[in-house]
1. Is it fair to say residue B:59 is touching a residue at least 60 places away in the same chain (Cβ under 8 Å) and surrounded by 22 or more Cβ atoms within 10 Å (Cβ to Cβ)?
2. Within the stretch A:37-67, work out how many residues are in contact (Cβ under 8 Å) with a residue 24 or more places away in the chain, of a type in the set (Asp, Glu) and more than 14 Å from chain B (Cβ to nearest Cβ).
3. Any idea which of B:129, B:161 is closer than 30 Å to residue B:249 by Cα, within 10 Å of chain A (Cβ to nearest Cβ) and outside any strand (DSSP E or B)?
4. Got a number for residues in the stretch B:65-87 being within 19 Å of residue A:96 (Cβ to Cβ) and either within 9 Å of chain A (Cβ to nearest Cβ) or outside any strand (DSSP E or B) (or both)?
5. Would you be able to say whether some residue in the stretch B:199-219 is of a type in the set (A, V, I, L, M) and more than 30 Å from residue B:156 (Cβ to Cβ)?
6. Of all residues in the stretch B:125-147 being of a type in the set (Ser, Thr, Tyr) and more than 30 Å from residue B:79 (Cβ to Cβ), which is surrounded by the most Cβ atoms within 10 Å (Cβ to Cβ)?
7. Only one residue in B:121, B:101, B:80, B:167 is over 21 Å from residue A:158 (Cβ atoms), among the small types (Gly, Ala, Ser) and not assigned by TED's automatic domain parsing to the domain that holds residue B:184, so which one is that?
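The values are calculated or read from the model by the stated rules, or taken from the named source; none is laboratory data. Note that the structure is a prediction, hence the values are computed from the model and not measured. Ideal geometry is used to build each Cβ from the backbone, glycine not excepted, and the neighbour counts take in all protein chains shown. All accessible areas refer to the heavy atoms of the entire protein, side chains included, with ligands and DNA or RNA removed. Shrake-Rupley method; radii C 1.70, N 1.55, O 1.52, S 1.80 Å.
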Amino acid sequence: MKSITDTTLALNKIASRLAKAASLGVVMAACALGIAQSLPPVQLDANELAPRPIEEFTGTTIARHYALAWHDLAGALESGRTDGLGDEFVGFAKNRLVQRIGDQNKTGVHVRIADHGHHLKAVFYSMDGTAMQLLDHAQIEIQIFDGDKLLDTQNELHEYLVLMTPGADRWYVRDLEELPGKP
Amino acid sequence: MPTTHNHFAFCKRAAALVLLSLLSGWARAGELHVPAVVGAGQAFLISVGGSGQGTFYLVGPDDVVKRTVSLRNDVQIQASDVRSAGRYRAILCDSSSSCTSATFDVKAAPPAHLSFFLHPSRVPVSYPDSIDATAFVFDRYFNLVLSPSTVDFRITPAGGDGFSRSSTTRYGAAWMRLGSTAHEGPVQVTAVSGNGNSSVNGNVNLEEARVIQQVAAEACHLSMKAVTSGNIVTLETDPVRDCGGNALPDGTVVSFTKIDKEGKSTVDTPIRKGVARTQFSVNGPAQISVACGVMLGNEIVVNGKNI
């Protein structure tokens, strides 16, 4: 009788652990899906790239890390935190963002970006593979707040010139400059 | 009486309209007039209209400004507020929290820095399209200078006449490819932005130099001679050179291969002072060959003493 009780208890424990593991798996999958879903869509067009063509894997990596960069940028501008920016930004781009977020925190201003996607056109890829320039036609909505007060909303096409350089396992955004608007 | 009553009603309406007009005047956001484009690092004024006090915001690529302003005076934008090229949003909110906004662009200042990459650091002589040069043109605030400009790449080989190639920047980048020249040694490549004078129209002439080492290409006309002493054969190559007459650098590996009745034996030896040497012990007739990279040299047949 005791052995039957022990077996039942053991089975209950196993079932409980399996259920916990399954729910944990579901949560993790949902988180992964959530992260994937929160990345803005990025399309890369490298048809007119010069002077060297782009490898398929490089193209995929660039599109992914550019999407991650905008995800991190939007998060940092809204939260006022700069700690995650180094994952995707280096050099001038990182320095400028860090400075801007510092100013935002001093003034109480923050920015919310609703990112509807980016159409990247690669325009220059150096022969030695150490730099790539891209034009980004970004459809983004930018809201500027002072505290909780909405000051301004822009919902239009923005054009950026992007300089990306490779690191050990990713491509970093080294420069991000918005181009003058079309008259 | 009716006339007096109508007159009184008219006055009431007029007073209400004046009050409404005044109130709407206070509630209306101040006017904001921004220039379409300004140069990076240049102070300027933004004209505003209205009365009383308001809050002015400037949101740019690397800074955010917030200050209380009088709506009767123009807003002074400091040079330090517009150092980064890009789009800026100016926002003016009046005392009733009604806001108006405008956008202006900041373009890069004149070129002040060149970022120059030369690749690779060593290259064989006479190799087509083997040298790549890329230059990025920045202003003093490290904004890419987007207006097209000419970059001269001046190539100065160690022994030989220099020459130059020009390239026009696109989105701030200029590049060129060229083949290596025929002689080994250092080659200096200098990127020059400007027109060669130290200062023209206030624009500083920019130069950045890099050096690339041209080394000999593959060996050419490889030959060796043998000196036999008993059953020992000493082998030595002639000075190993490429087809342009450049000596292959010390350390380049030369392979000597002997085939005799004991089988095949290979010795890899580095070039020292321009030549490669080795010794074989041979037993009876033997065929010895020499190779360096893809180049096969002469073959020698020796007849060693049987021991």
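1. It is false that residue B:59 is touching a residue at least 60 places away in the same chain (Cβ under 8 Å) and surrounded by 22 or more Cβ atoms within 10 Å (Cβ to Cβ).
2. 1
3. The conditions single out B:129.
4. The total comes to 12.
5. Within the stretch B:199-219 (the criterion being of a type in the set (A, V, I, L, M) and more than 30 Å from residue B:156 (Cβ to Cβ)), the answer is no, since none of the residues qualifies.
6. Per the stated criteria, the residue is B:134.
7. Only one candidate qualifies: B:80.
Yes/no matrix, rows are residues, columns are (1) touching a helix residue (DSSP H, G or I) at 6+ places or on another chain (Cβ under 8 Å); (2) in the same structural domain as residue A:52 (by TED's automatic domain parsing); (3) in contact (Cβ under 8 Å) with a residue 24 or more places away in the chain:
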| residue | (1), (2), (3) |
| --- | --- |
| A:88 | yes, yes, yes |
| A:93 | no, yes, yes |
| A:103 | no, yes, no |
| A:113 | yes, yes, yes |
| A:120 | yes, yes, yes |
| A:123 | no, yes, yes |
| A:127 | no, yes, yes |
